[in-house]
Structure formats: structure tokens, C-alpha cells
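Asker: Sharing a structure, written as C-alpha cells. Questions coming.
The values are calculated or read from the model by the stated rules, or taken from the named source; none is laboratory data. Predicted model, so just to flag it, every value in this text is computed and none were measured. Ligands, DNA and RNA are stripped out before the accessible areas are found, and what is left, the full protein with its side chains, is counted by its heavy atoms. Shrake-Rupley method; radii C 1.70, N 1.55, O 1.52, S 1.80 Å.
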Amino acid sequence: MRDNEVSHALCICVTIDDFARVLQVANAAPNLYASVGVHPDYEDLREPSLEELLVLARDPKVVAIGETGLDYYRLTGELEWQRQRFRTHIRAARACAKPLVIHTRAASADTLTLMREEDAGAAGGVMHCFTENWEVASAALDLGFYISFSGIVTFKNARDLQDVARRVPLERMLIETDSPYLAPVPHRGKTNQPGWVRHVGEFIAQLRGIPVAQLGEQTSDNFFRLFNILR
Ligand SMILES: [Zn+2]
């Protein structure tokens, strides 16, 4: 991260069993933070209760609730448990006033519906690793959410997503790696690492015709504002 001038990172929790290790990473350095949540792709594990999420979210290093959301691509069939889990996370985020990290895949309509029904806008948050179209982006922006782009935006076939990355207001944009997945060009196919978010930033800056330093400063400001981090 230092070699790439990446100053801060959020380590994402995807199961409660992993939370202790995520927190350990976050505790290892002042510029690292943690989230707490259970990813929608994990079906056969103990459901976190609202109370449990709130207890774990009390740690000052925990700046977000998630990763949560809906995924109808990886899993099919009866997915009411997934929607219920998402609702629990939104309620936790509102109750502890920490923003949500939301994953949505092949489920944008239901994701937005649940966000509205549960008033996710009251907690705020980010649509992480965004891959949807402008219509979905603008609906999330209307709910007060940020849009985060990963290495996918650098892929040759990602024309529609690049169009979204041109249109999202700079003050509502975040960049991420989603490590260890989705390494950006020119490292596509390799094991991703947080420092490579630099390539995502460089690519979007070029798309928008602005200096990379400006994009870096703006997305950093957004990160601190969204996750309530004092610099
Ligand atoms: Zn995700």
C-alpha cells in the first residue's frame, strides 16, 4: 500500500467466524479498519442476530456493517433467508449508526426495494464492487449511497460500467480492490492486493480526464466522511 501511495484500507468481514481475524488485521495498524457482517453467498452458517452484530460493531475499529446484500447469481432457489439476513444488517447499521457495505449481484431490484423498505438511507453506505447500470447507480445515489468501483472497471469489456464511472459524482465515489479477487489491469488474473487500488484510481481519473491526485484526494475524503474516520 505504501509503495502505491495508498494510505488507508477497510478489511471486510464475510462470516462471523472470521470476524476476530479481520479485527486482528485492523488492529495491527492505525490506518486499517474493519467491518462486521455475513456475506449473502454463505448459506450454511449460523445466522447473526441483530444483537450479535451490534455487540461486535461496538469495537471502535469497526466502521461499517457488512458485507451484506443480495446475490441471486451465485445462489438460486428459495432465498428468503438471504433477504432476511440483509434486513437484519440494515437494522443493525441503523441502530449503531454505522454505514452499510452492500453487495448486489443479479438482484438489483430486490436490493433497492429492501433498502427502501428498511430505510437503509438512514444509515447510509456504499454499493461495493459496483457492476450495475446507471439506473441502479442513480437509485442508490438517490438513497444517499456511495458507489465503489473495483478492478472490473479496468477490464476491456466493461464499457457500460466505465460509462457509470464517468457519471457518478466525484464526491460520491469510492475505489476498492475487493482483494484477493478481481485484480485490475495490468495485473488481471493475479492475486489482488490493497495497493493495487491505485490502478483503479488511475484508470478512472483517465476516463474522466482529471489528474489522478485529484481523484485520490476526493475518494480519500469520501472514505473518511462515509466511515466517520477522523484524519
Ligand atoms: Zn461483494
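Asker: Above 21 Å lies some portion of the pair distances; for the chain, what is it as a whole percent of all C-alpha pairs?
Answerer: 53
Asker: For the chain, set up a GNM with springs between Cα atoms under 10 Å and report which of S49, S138, S35 has the largest fluctuation.
Answerer: Of S49, S138, S35, the most mobile in the Gaussian network model is S49.
Asker: May I pose another question? At 1.4 Å probe size, with every protein chain present, just tell me what the per residue accessible area of region 124-231 comes to in Å².
Answerer: Per-residue value: 48 Å².
Asker: Roughly how many percent of the accessible protein surface of the chain is carbon and sulfur, given a 1.4 Å probe and a whole-percent answer?
Answerer: With neighbouring chains kept in place, the figure for the chain is 49 percent.
Asker: Considering only C-alpha atoms, what is the centroid distance from region 152-218 to region 1-20, in Å?
Answerer: One Cα centre to the other: 17 Å.
Asker: How much of L50 can a 1.4 Å solvent probe reach, expressed as accessible area in Å² and rounded to 10?
Answerer: Only protein atoms counted, so the area is about 50 Å².
Asker: Give me the Å³ per residue figure for the convex hull around the C-alpha atoms of region 80-124.
Answerer: With only Cα atoms used, region 80-124 gives 61 Å³ per residue.
Asker: Give a residue-ordered list of calculated ³J(HN,Hα) values for region 211-224 (Karplus: 6.51 cos²θ - 1.76 cosθ + 1.60, θ = phi - 60°; whole Hz; x for Gly, Pro).
Answerer: Values, residue by residue: x, 4, 4, 5, 5, x, 5, 5, 5, 5, 3, 4, 4, 5 Hz.
Asker: Please list the three semi-axes, largest first and in whole Å, of the ellipsoid equivalent to region 1-97, using sqrt of 5 times the eigenvalues of its alpha carbon gyration tensor.
Answerer: 25, 16, 11
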